[in-house]
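Structure record follows, encoded as structure tokens.
The values are calculated or read from the model by the stated rules, or taken from the named source; none is laboratory data. All of these numbers come straight from a predicted model, not from anything done at the bench. Cβ coordinates were reconstructed from backbone atoms using ideal geometry, including for glycine residues, and neighbour counts include every protein chain displayed.
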Amino acid sequence: MKHFITTVLSIAAFMMALTLSAGTRVYVNGLYYNIEGGKAEVTSMASGKYHGDISIPAEITYEGNQYPVTSIGERAFAFCDSITSVRIPNTVESIGSEAFNRCYGLRHIDLPTSVKKIDAMAFLWCKGLQSIGIPETVEDINPSAFYCCHGLETIDGIRYAGTFLVEVADKEREYYTIKDGTRWIGVNALSNLPNVKQLVVPASVKYIAPFAFSGCSQLTEVKLSEGVAIVGDCAFSSCTQIESITLPSTIKQITNDCFAGCEKLERITCKSEMPPFVEVAETQMGDGFYRFDASKCSLYVPKSAMKQYVEAGCWKTFGTIKQN
């Protein structure tokens, strides 16, 4: 009999573990979670809204077991317009899409160093948000993470979410100084500036999102400082007056239609010893740059890398390749 009871309990424990591994919604101390794979993710309420000051614990206990809270799920706090503050523990690694969508009452938030990823529109329409602390440990910020956060800090006409450049608030200037420490330039962040003629991107920037400089019709020169690694889709597209671009030695990847519509671009200086990877558009035929005639442009590269560029896919299509 004792053996039978032990066996039944073992089976019950196994079935419980199996259920939790497949995903179980639980309610613990005021917050809902999804438990899966031994970890807990904060989720939205079954009905109603969270409100007031939210303090997310580092771990929760459910039926005698401990589960670390490692993520804030998709739309977890969406439309919770009366949330005033959120404390996030140093166990959370990701913030899901629209996690804080329209949390109008949120004024400030600090992200812990454990956070690695911020998904699409995570803080969409958080119009009361005035500042956010983003640690350098964050590796992936979706370009749309801070759409319509109009209350964020504005310096010299540019709006920032911590180290993320969101957008230009004053589009009539001829010159902008991007603050040192900026790591990310968001989608459309510096696009369609009617008067700007030159842009210098500081060395702290690592990632330039799609359409970042698109449509700057008076822009003639762009210099990307050492540090920039990735330039996104159409980043310089429709910059019809641009004549020269300098890419740093740290550049690793640019998108295929990066220079689309740059009719006057006649010189690209690329300081990288290794030809950057060029993402080829699905609609493109052949090895050339999409919607950009590289044969009419001169490419300047390090002397030691001449052979690599002459033989590299898209790069070999430039009209001339010369030593920088």
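Among the residues of the range 163-195, just one is small (Gly, Ala, Ser) and farther than 20 Å from residue 231 by Cα, namely 169. Within the range 112-129, being within 13 Å of residue 140 (Cβ to Cβ), part of a loop (DSSP other than H, G, I, E, B) and without any contact (Cβ under 8 Å) to a residue 40 or more places away in the chain holds for 115, 116, 120, 122. What residue, among those in the range 3-26 that are surrounded by 13 or more Cβ atoms within 10 Å (Cβ to Cβ) and under 19 Å from residue 76 (Cα atoms), is modelled with the highest pLDDT? Here the residue is 26. The set of residues in the range 154-170 that are within 18 Å of residue 201 (Cβ to Cβ), of a type outside the set (Gly, Ala, Ser) and in contact (Cβ under 8 Å) with a residue 12 or more places away in the chain comprises 155, 156, 158, 160, 163, 164, 165, 166, 167, 168.
Can you pull out the residues in the range 227-263 that are within 19 Å of residue 322 (Cα to Cα) and among the charged types (D, E, K, R)?
Correct list: 243 only.
All conditions in (1) at pLDDT 95 or above; (2) buried (at least 21 other Cβ atoms within 10 Å of the Cβ); (3) of a type outside the set (Asp, Glu) hold for residue 104, with the sole exception of (2). Selection of the range 31-48 for residues being modelled with pLDDT of 95 or more and closer than 20 Å to residue 85 by Cα yields 31, 32, 33, 41, 42, 43, 44. Restricting attention to the range 139-164, the residues being assigned to a loop (DSSP other than H, G, I, E, B), within 10 Å of the chain's Cα centre (by Cα) and over 19 Å from residue 129 (Cβ atoms) number 1. Filtering 203, 229, 209 for residues that are buried (at least 22 other Cβ atoms within 10 Å of the Cβ) and of a type in the set (Gly, Ala, Ser) leaves a single hit, 209.
For the range 165-186, residues that are over 20 Å from residue 135 (Cα atoms) and β-branched (Val, Ile, Thr) total 2. Within the range 168-225, restricting attention to residues that are at positive phi and small (Gly, Ala, Ser), the residue that is nearest to the chain's Cα centre (by Cα) is 181. Selection over the range 130-153 of residues that are more than 16 Å from residue 189 (Cβ to Cβ), crowded, with 17+ Cβ neighbours inside 10 Å and either among the charged types (D, E, K, R) or touching a residue at least 60 places away in the same chain (Cβ under 8 Å) (or both) gives a count of 0. Scanning the range 58-87 for residues that are surrounded by 19 or more Cβ atoms within 10 Å (Cβ to Cβ) and over 13 Å from residue 41 (Cβ atoms) yields 78, 80, 83, 86.
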